[in-house]
Amino acid sequence: MSHLVSSMQFGDLDVSFDDRVLSPREWTMAQSEWAADLMQEAPAGTVLELFAGVGHIGLAAVASADRPLVMVDLNPVACDFARRNVDAAGMGSRVEVREGRIDEVLDAGETFPVIIADPPWVPSAGIGEFPDDPTIAIDGGEDGLALARVCCRVVDRHLAPAGSAVLQLGTTGQADQLDTYLADVLGSALRVVETRTYERGVLVRLSRQA
């Protein structure tokens, strides 16, 4: 079966994708811009993007920054498009795409000063409301946070000192639940320190508290 390749402008990027992956959302440029702002004050080092999809959010974030980027996604089709979009952006020399589970493809000693993540956050019972979106890209389990919790564990292990992570979620209620999970279940110093609400979703910044 052939799949029609589409493209769209995402900031200054020309991003390619098809119906087997989550199509880029224009509003998520806010996540790229927030991450780019954080890079200005963050320690030196490589930026990490988890649940990268076709790579547009991470690529836009580092486009004007002199930083390398590692992008991770489980979907081989998304990874193929991410590599295609990396090449189209002329960033092949500083961007690496890793295919696999986010909790399996990073080495134990790797740390990143800025982490970007777009985990699936739709509760399983609600994915039928989004028939055009691939299930693998949106199904967040019973409460929508199953993969966001995995994401938090990965961030806890791999966030560099004085670093920040910017995660995309669905609601402020999910942000509150995630903060409780970090404190009460993980026993982590990682916390939700800022939440920004948009019409289509929520962005949260995680950092370690003293």
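Please compute the length gained on full extension between V5 and S93, using 0.36 nm multiplied by the number of residues separating them and subtracting their Cα-Cα distance.
29.2 nm is the gain from fully extending V5 to S93.
For the pair E194 and R157 in one chain, pulling the backbone fully straight at 0.36 nm per residue adds 11.3 nm over the alpha carbon distance.
Under a GNM of the chain (C-alpha, springs under 10 Å), which listed residue has the highest mean-square fluctuation: L59, L147, L169? Of the options given, L147 has the highest mean-square fluctuation. Dividing the helix sum by the residues of the chain, where each DSSP H run of 4 or more adds -39500 (n - 2.57), gives a mean residue ellipticity at 222 nm of -8000 deg cm²/dmol.
If you run the Gaussian network model on the chain, springs between alpha carbon atoms under 10 Å, then out of E129, E41, E99 the most flexible one is E129. With a/c under 1.5 counting as rounded, go ahead and sort the range 31-126 into rounded, prolate or oblate using the C-alpha gyration tensor (a ≥ b ≥ c being the square roots of the eigenvalues; past the cut-off, prolate if a/b is larger than b/c, else oblate). Note, shape of the range 31-126 comes out rounded. Show the residues, 5+ positions off or on another chain, whose built amide H is closer than 5 Å to the amide H of M71. Answer set, sorted by chain and number: E49, E96, V97, R98.
The charge dipole of the range 46-208, taken about its Cα centre with unit charges on the Cβ of Lys, Arg, Asp and Glu (plus for the first two, minus for the last two), comes to roughly 520 debye. Compared with the alpha-carbon gap, the fully stretched path from V185 to W27 is longer by 53.7 nm at 0.36 nm per residue. If you run the Gaussian network model on the chain, springs between alpha carbon atoms under 10 Å, then out of P131, P24, P76 the most flexible one is P131. Against the set (1) 42, 18, 15; (2) 24, 21, 15; (3) 31, 24, 13, the structure's computed semi-axes √(5λ) of the Cα gyration tensor in Å falls on (2).
Here, each number is a calculation from the coordinates, and none is a lab measurement. This structure is a prediction, so every number in the text was calculated from the model and none was measured. All Cβ positions, even for glycine, are placed from backbone atoms using ideal geometry, and neighbour counts span all protein chains on display.
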